[in-house]
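Enquirer: Provided herewith is a single structure, encoded as structure tokens, for subsequent inquiry.
The values are calculated or read from the model by the stated rules, or taken from the named source; none is laboratory data. Quantities reported herein were computed from a predicted structural model and do not represent experimental measurements. So basically every Cβ, Gly included, is an ideal-geometry build from the backbone, and we count neighbours across all protein chains shown. Accessible surface is based on the protein model in full, side chains and every heavy atom, while ligands, DNA and RNA are left aside. Shrake-Rupley method; radii C 1.70, N 1.55, O 1.52, S 1.80 Å.
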Amino acid sequence: MERNVVYIAVFAALIAVLGLLPKFTLMSGIPITAQSLGIMLCGTILGAKRGALAVLLFLALVAIGLPLLAGGRGGLGVFTTPWAGFLFGFPVAAFVTGFVMERTHNLNIGVLATIAAIIGGIVALYAIAIPYYMVGAGVGLWDSMITMSPFMPGDLIKTVLAGLITGGLYNARPNAVLSRL
Amino acid sequence: MLSISLAGNSWAHRLRVGPKMAVLAVVSVALFWVDAWVVLALALLGVVALYASVDGALRKGAWLMKPILWIVGIIWIFHAFRGEYVAGSVVCLRLLVLVGLANFVTLTSRLSDMIDLFLWLLSPLALLGVRTGAIGLAFGMVMRFTPVLIERAGQLTQSWRARGGKRASWRIILPLFITVVDDADRVAEALRARGGIQ
Amino acid sequence: MGDMMAISLDQVSVKFDDLCVIDDISISIDDARIGIIGANGSGKSTMARLIAGLIKPDAGQVTVNGVDVYNDRKAALDTVGIIFQNPDHQIIFPTCAEEIAFGLTQKGMKRKAADARARAVLVEHGRGDWADRLAHQLSQGQRHYLCLMSVLAMGPDVIVLDEPYAGLDLVTSMQLQRTLAGLDQQVVMITHDTDLLADFDLVIWMDQGRVVANDRPDQVIPKFIDDMKARANAVD
């Protein structure tokens, strides 16, 4: 019990810390932060339930006014924009990622983590974020996808990083990868 | 870990958080039934007036609004591209009012009051068997550990550079996670030493 | 049942996987100041955690003042407190008052009362201005002191310290030494620094999960140092 709660809290803090790492800029010129990598890692490392709880905890602290989002932003306002579909989709993304991790056993863990991160951190996340944006911004499917397209290459890179980091952590500290216990 | 809220004792600070949040929720929902751009423009002026009535709120509010302006701009351009100037303006104005009001509540509410309200809202979960005490504990732990982990990430970045690496970037994430899970196991132990989670 | 006024281990063994870290130790100690020394991996940290009731003995029983500290956690909170080497592993709340109040609420105090008591504790220690200070803005030594106040506030009979001086500068460690010397509680200290134990009542020397010696400091420490020197030379 104590271990679960501490891991959930520490991973919520890690999501915040990853948002502060220096941004790397893609060829498209769009800066990407490692914050959504943190969401994927919550799923791949903590598993479905704990991963989703860590993300919910992170979002709750953003909502009450802590500056934990990339760029030091926070507060209630970020939840009222059409992009908030990503925020609301984050816990689902972590849950789906963790679910895939927990239910698949005959794959190399790094490869599996990348696949899980694609399914949870991209497919499930955008399945929530795109309709949300369409309604909030009052635009069609195409316009939404064009608006979000600059971020997708970065997200794909992050799924690969999620695989490398999860695999590396599993080698170093197998007991810490709760999704595999 | 400091909140983004403004220190101060203005009229808006003195209002209780619960009613403030309730008003915000009702107004936010009601805004979706308003389609007249004139009304929304007046509402936006009203929001600016709210900010102007509190010391320092305009500056901080504008800083919080900066990334939102990008979002608003892109949405408007997409609408304009299809000739929907009025519809685009309505969406954008509504968005600015919504974000502005929500941030105003954040800026004028103390963190501890927000936490209390949040835990109060979650308290019915106890009926479902959720250990709500653990939630409050977890809140505190995140606020405690975030600065510690930021410092740790900074140390790792420096030791990366000290040994010739140019940019540490994502490569410090794995070592960061390894030290952090080691710490987490120690913290869980220390928590048990003082009675654990009841 | 163990001695009512002592730390007592009765045929205790602890295994991690197949490795025996504590090997059938029986000992009863009632001295006021106890030091535990030994090389890395000798089992002294495990010993500290056993006395604090944090790990389950694979065999035997650990009691402190008659309380089964592993199984009866409620009574254990009144009996023994532990301070770890790294304060960042121990401080779980943002502000000092919250950190101290936590242990009090764990013992059944209401939140408001615990907060008031925590502030009073800080004042008693001459640190009244710390109440709303953020823990991460304190220095390493100050954070150690916060951990100590948090544990003292819970009023245990015994305080276990695991390498409390590691990483402290000279001034801070002298201050800590003075604070510890003034405590009414029974103190068990794990350390590598034998100088700190000169005026202790008892020193326990551990090696490979066993107690090698258990006597007054002037009896144990010289032999311990000779043995460590011999080992260092053997490596050359």
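Enquirer: What translational diffusion coefficient, in µm²/s and rounded to a whole number, does the Stokes-Einstein relation yield for segment B:96-180 at 37 °C and a viscosity of 0.692 mPa s, taking the hydrodynamic radius as the Kirkwood radius over Cα pairs?
Expert: D, rounded to a whole number, is 200 µm²/s.
Enquirer: Can you pull out the chymotrypsin sites (Phe, Trp or Tyr not before Pro) in segment B:30-67 that DSSP calls coil and that have at most 11 other Cβ atoms within 10 Å?
Expert: Counting only loop positions with at most 11 other Cβ atoms within 10 Å, the chymotrypsin sites (Phe, Trp or Tyr not before Pro) in segment B:30-67 are B:Phe32, B:Trp33.
Enquirer: So if I take the alpha carbon set of segment A:26-128, get Rg, then get Rh from the Kirkwood formula, what is the Rg over Rh ratio?
Expert: Rg/Rh for segment A:26-128 comes to 1.00.
Enquirer: For B:Ala52 and C:Val171, what does the FRET efficiency come to when R0 = 41 Å and r is the distance between their Cβ atoms, rounded to the nearest 0.05?
Expert: 0.20
Enquirer: How big is segment C:3-106 by the Kirkwood estimate over distinct Cα pairs, in Å?
Expert: That comes to 15.0 Å for segment C:3-106.
Enquirer: Count the net charge of all other residues whose Cβ sits under 15 Å from the Cβ of B:Leu117, scoring Lys and Arg as +1 and Asp and Glu as -1.
Expert: Once all neighbours under 15 Å are counted, the net charge is +1.
Enquirer: Give me the Kirkwood hydrodynamic radius of segment C:17-56, using the inverse of the mean 1/r over all pairs of distinct Cα atoms, in Å to one decimal.
Expert: Value: 11.6 Å, from the Cα pair sum.
Enquirer: Then there is this: So if I take the centroid of the Cα atoms in segment B:76-153 and the same for segment C:47-115, what is the distance between those two points in Å?
Expert: Centre-to-centre (Cα) distance: 35 Å.
Enquirer: To continue, here is another question. Quick one: pull the percentage of alpha-carbon pairs in chain A with a separation above 30 Å.
Expert: I get 14 percent for the Cα pairs in chain A exceeding 30 Å.
Enquirer: Hydropathy first: keep DSSP H helices in chain A averaging at least 1.0 on Kyte-Doolittle, then drop any whose Cα extent along the axis falls short of 20 Å, and list what survives.
Expert: A:2-18, A:48-63, A:84-103
Enquirer: If you take every residue apart from C:Asp215 with its C-beta less than 14 Å away from the C-beta of C:Asp215, what net charge results, scoring Lys and Arg +1 and Asp and Glu -1?
Expert: Its environment carries a net charge of 0.
Enquirer: Now a separate question. Work through the residues other than C:Val188 whose Cβ is under 14 Å from its Cβ and net out their charges, Lys, Arg +1 and Asp, Glu -1.
Expert: Net of charged neighbours comes to -3.
Enquirer: While we're here: Using the beta-carbon distance between B:Lys66 and A:Ser149 and R0 = 25 Å, what value does 1/(1 + (r/R0)^6) give for FRET efficiency, to the nearest 0.05?
Expert: The value I calculate is 0.65.
Enquirer: Measuring from the lowest to the highest alpha carbon on each principal axis, how far does segment C:158-236 reach, largest first, in angstroms?
Expert: So the three principal-axis extents are 39, 26, 22 Å.
Enquirer: Let me check against my output: what whole-number percent is the relative contact order of chain A, with C-alpha pairs under 8 Å and at least 6 apart?
Expert: Computed over chain A, the figure is 25 percent.
Enquirer: List the pairs from C:Lys15/C:Lys110; B:Lys20/B:Lys60; C:Lys44/C:Lys74; A:Lys158/B:Lys66; B:Lys20/C:Lys112; A:Lys49/C:Lys44 whose alpha-carbon separation is above 31 Å, in the order I gave them.
Expert: As for pairs spanning more than 31 Å Cα to Cα, those are C:Lys15/C:Lys110; A:Lys49/C:Lys44.
Enquirer: Compute the distance from the alpha-carbon center of segment C:152-205 to that of segment B:1-31, in whole Å.
Expert: 49
Enquirer: What are the semi-axes of the equivalent ellipsoid of segment C:58-108, taken as the square roots of 5 times the eigenvalues of the Cα gyration tensor, listed largest first and rounded to whole Å?
Expert: 25, 14, 8
Enquirer: With no solvent and one equal point scatterer per Cα, compute the Debye intensity ratio I(q)/I(0) for segment B:11-122 at 0.21 Å⁻¹ and report its log10, rounded to two decimals.
Expert: -1.18
Enquirer: Pairs of alpha-carbon atoms within less than 8 angstrom and 6+ residues apart define the contacts here; what relative contact order does chain B have, in percent?
Expert: 26
Enquirer: Kindly work out what percent of the DSSP beta bridges joining two residues of chain C are antiparallel, to the nearest 5.
Expert: Beta bridges within chain C, antiparallel portion: roughly 55 percent.
Enquirer: Taking R0 as 35 Å, what's the FRET efficiency between C:Asp24 and A:Met1 from their Cβ-Cβ distance, rounded to 0.05?
Expert: Calculated transfer efficiency: 0.65.
Enquirer: Taking every eigenvalue of the Cα gyration tensor of segment B:131-193, multiplying by 5 and rooting it, what semi-axes result, largest first, whole Å?
Expert: So the equivalent ellipsoid measures 29, 12, 9 Å along its semi-axes.
Enquirer: Would you mind telling me the antiparallel percentage of the DSSP bridges in the protein assembly as shown, rounded to 5?
Expert: Approximately 60 percent, going by the DSSP bridge assignments.
Enquirer: Checking an interface number: how much accessible area is buried between A and B, summed over both chains, with a 1.4 Å probe, in Å² rounded to 100?
Expert: Summing both chains' loss of accessible area gives about 5100 Å².
Enquirer: Beta carbons within 10 angstrom, averaged per residue: use that to sort the peptides C:186-195, C:14-23, C:49-58, highest first.
Expert: Peptide ranking by packing, descending: C:49-58, C:186-195, C:14-23.
Enquirer: Where a ≥ b ≥ c are the square roots of the eigenvalues of the C-alpha gyration tensor, would you call chain B rounded, which needs a/c under 1.5, or, failing that, prolate if a/b is larger than b/c, or oblate?
Expert: It is oblate, given that a/c is not under 1.5 and a/b is not larger than b/c.
Enquirer: Based on Cα coordinates alone, diagonalise the gyration tensor for chain C, multiply each eigenvalue by 5, take square roots, and list the semi-axes in whole Å, largest first.
Expert: Calculated on Cα positions only, the semi-axes equal 31, 22, 15 Å.
Enquirer: Looking only at Cα atoms, what is the convex hull volume of the protein assembly as shown per residue, in Å³?
Expert: Taking the convex hull of the Cα positions in the protein assembly as shown, it is 179 Å³ per residue.
Enquirer: Pairs of alpha-carbon atoms within less than 8 angstrom and 6+ residues apart define the contacts here; what relative contact order does segment B:1-113 have, in percent?
Expert: Normalised by residue count, the contact order of segment B:1-113 is 49 percent.
Enquirer: Do the sum for chain A: with -39,500 (n - 2.57) for every DSSP H run of n ≥ 4, divided by all residues, what is the mean residue ellipticity at 222 nm, to the nearest 500 deg cm²/dmol?
Expert: So the calculated ellipticity at 222 nm is -19500 deg cm²/dmol.
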